[in-house]
Amino acid sequence: RVSVVGDFNFWNGMLYPMHKLENSDIFELFIPGLSCGQFYKFEVKNAQGEVTQMVDPYAVMNEEKENGASRMFDLGRFRWEDARWLSERYRGNVFKDPMSVCEVRISELDSPDEKVQETVQDMGHTHILLRGTPEGERLGAQKGFFEPAFYGKTPDTMRFFVNRSHKRNTGVLLEISPEYLRRAVHLFEKKHPQAVNYLLANILFWIKEYHIDGFVFRGLSENSFDFMEKAREVIKKEDSSVLFIGEEISGREDADFFDFEWNMNLKASVERYLSTDIENRKQEYVQLSTPLMKGDFSHTVLLLNREIDKEKNNLFDESFIDKKPSCDYDKLTGVRM
C-alpha cells in the first residue's frame, strides 16, 4: 500500500490510499481542496507489513530539518520578466563573445539581496555560477532532485534571483555536484525506463521552470558517459543555447562533447607558476608552456580560484592573493600580472 499522509489527514495512512496503475509501478491520487504550504509525505507499507514514510521525490520544497516533510507549492504563480534575455541569449556566436564566470555559493543567497548581481555586473562578469553548499553539496544530494537548494526559502526565491540576473544581462549557470551526479548515474545504470525519465525530466525542469542558462558538471568519471550523453541530447533538443560545461573525462576523445571544458591542467600550471617566488620563476616556465601543447583552447574555460584538498578529498575556495608567497604589495602586483 502507498498512501498520502499529511497535516490535512492527521498523518493517517488509511485515509488516502493511492491507486496503482495497471501493469505499472506508478501510484496516483487526486486530493481536492489542498493549498500551498501544507505538509505531506508518502507512506509505504511493504509485503512484510513494514511501514515507512518518505518525502516526495518530485517535491519542489521540503522542510529544512531531519526527517522533514515535503511542502506543496504552486510553480505557476511566478511572473517572469526575462523574455528579452531568453530570446537574445547567445544569439551570436557564444564562442566568440567574452565570457567571465563568477562562482557564488548557494548558501550565500539566503536572502534575495541585489548586491550579488550588482557586484558581478560591476566586475564585468557575464555569468554567475551557483555552486552547492559546503555541507554536502546539497543540490539533489539529500532529499529530492527537484528542490532548489536555498535554505528556508521557496522555489520563487531562486526564480527571483535568476529573473533579476537576466534583467541585468547576466546568465545563470547551475552546478551539478559530484554527489548529485553519483546518485543520477546510479539510477541511470539500472536502465529502468521510469528512473531514466525521472532524471531527464529533472534536467528539463531546471531549464523550463528556472530559466537556467547552462549546467556545469563536476566529478565526472568513465561510468558517467552514458548518462552524460543522454543529458546532453535532452538539453540541446530543448534549447541549443543552454550551455553544457564539464571537466575533461578521462578516456574521451570527443573534443566537441562539451560546449566548454574546465581546463584543470592549465589551471594547475598557472597557479603553480604564480605561487612561486619571483626569484625562482625562471625554472617554472615549463609549467606554463607544457599545457599549451594540447592545441585548441577555443572551447576551454580557465579557472582561477578553485583548489582541491587531496588529503580530505573536498573542495574549498582560495583566491589568487592567498596563493602568493610574498608580501601584500607584491601579491597584488602578481595578481594583476
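For region 117-129, which residues satisfy the criterion of being among the polar types (S, T, N, Q) and either open to solvent by 10 Å² or more (accessible area, probe 1.4 Å) or modelled with pLDDT of 90 or more (or both)? THR119, GLN121, THR126 - these are the residues of region 117-129 that are among the polar types (S, T, N, Q) and either open to solvent by 10 Å² or more (accessible area, probe 1.4 Å) or modelled with pLDDT of 90 or more (or both).
Taking first residues from region 26-38 that are charged (D, E, K, R) and partners that are open to solvent by less than 80 Å² (accessible area, probe 1.4 Å), the Cβ contacts under 7 Å between residues at least 6 apart in sequence or on separate chains come to GLU28/MET18; GLU28/LEU21.
Looking only at residues of region 43-74 that are within 23 Å of LEU204 (Cβ to Cβ) and among the polar types (S, T, N, Q), we find that the one that is surrounded by the fewest Cβ atoms within 10 Å (Cβ to Cβ) is ASN62. Output yes when any residue across region 8-17 is within 31 Å of the chain's Cα centre (by Cα) and either assigned to a strand (DSSP E or B) or more than 19 Å from GLU147 (Cβ to Cβ) (or both), and no when none is. Among the residues of region 8-17, not one is within 31 Å of the chain's Cα centre (by Cα) and either assigned to a strand (DSSP E or B) or more than 19 Å from GLU147 (Cβ to Cβ) (or both), which makes the answer no. Here is the figure for region 216-228: residues that are surrounded by fewer than 21 Cβ atoms within 10 Å (Cβ to Cβ) and outside any helix (DSSP H, G or I) total 3.
When the residues of region 64-101 are filtered to those that are assigned to a loop (DSSP other than H, G, I, E, B) and of a type in the set (Ser, Thr, Tyr), which remaining residue is nearest to the chain's Cα centre (by Cα)? By that ranking, first place goes to SER100.
Consider region 130-154 and keep the residues that are more than 23 Å from SER241 (Cβ to Cβ) and either outside any loop (DSSP other than H, G, I, E, B) or charged (D, E, K, R) (or both). The one that is modelled with the highest pLDDT is GLU147. Criterion applied to LEU200, LEU187 was being touching a helix residue (DSSP H, G or I) at 6+ places or on another chain (Cβ under 8 Å) and over 26 Å from ALA83 (Cβ atoms), and the one residue passing it is LEU187. With respect to GLU209, is the statement that it is within 26 Å of ARG77 (Cα to Cα) and in contact with a helix residue (DSSP H, G or I) (Cβ under 9 Å, 6 or more places away or on another chain) true? When the stated conditions are applied, GLU209 passes them. Of all residues in region 21-37, those that are farther than 15 Å from ARG71 by Cβ and either surrounded by fewer than 13 Cβ atoms within 10 Å (Cβ to Cβ) or modelled with pLDDT of 95 or more (or both) total 11. Go through region 60-73 and count every residue that is at pLDDT 90 or above and farther than 13 Å from GLU209 by Cβ. Number of matching residues: 4. Screening TYR40 on (1) modelled with pLDDT of 95 or more; (2) aromatic (Phe, Trp, Tyr); (3) open to solvent by less than 60 Å² (accessible area, probe 1.4 Å); (4) closer than 22 Å to LEU174 by Cα shows it passes everything except condition (4). In the set (1) crowded, with 19+ Cβ neighbours inside 10 Å; (2) part of a loop (DSSP other than H, G, I, E, B); (3) out of contact with any Leu (no Cβ under 7 Å at 6 or more places or on another chain), ASN169 fails one condition alone, (1). Just one of the numbered conditions (1) closer than 16 Å to TRP11 by Cα; (2) in contact with a Gly (Cβ under 6 Å, 6 or more places away or on another chain) is not true of ASN67: (2). Would a scan of region 34-57 turn up a residue that is part of a loop (DSSP other than H, G, I, E, B) and under 30 Å from SER241 (Cα atoms)? There is at least one residue in region 34-57 that is part of a loop (DSSP other than H, G, I, E, B) and under 30 Å from SER241 (Cα atoms).
Whenever a residue of region 73-93 is over 13 Å from GLY171 (Cβ atoms) and free of Cβ contacts under 8 Å to residues at least 12 places away in the same chain, it has no partner that is outside any loop (DSSP other than H, G, I, E, B) and of a type in the set (Gly, Ala, Ser) lying with C-beta atoms less than 9 angstrom away and at least six residues away or across chains. The listed residues are SER241, SER224, and the only one of them that is small (Gly, Ala, Ser), in contact (Cβ under 8 Å) with a residue 12 or more places away in the chain and touching a Phe, Trp or Tyr at 6+ places or on another chain (Cβ under 6 Å) turns out to be SER241.
The values are calculated or read from the model by the stated rules, or taken from the named source; none is laboratory data. Computed from a prediction, not measured in an experiment: that's the story for all the values here. Note: ideal-geometry Cβ built from the backbone for every residue, glycine included; neighbour counts use all protein chains shown. Keep in mind that these areas ignore ligands, DNA and RNA; they rest on the heavy atoms of the full protein, side chains included. Shrake-Rupley method; radii C 1.70, N 1.55, O 1.52, S 1.80 Å.
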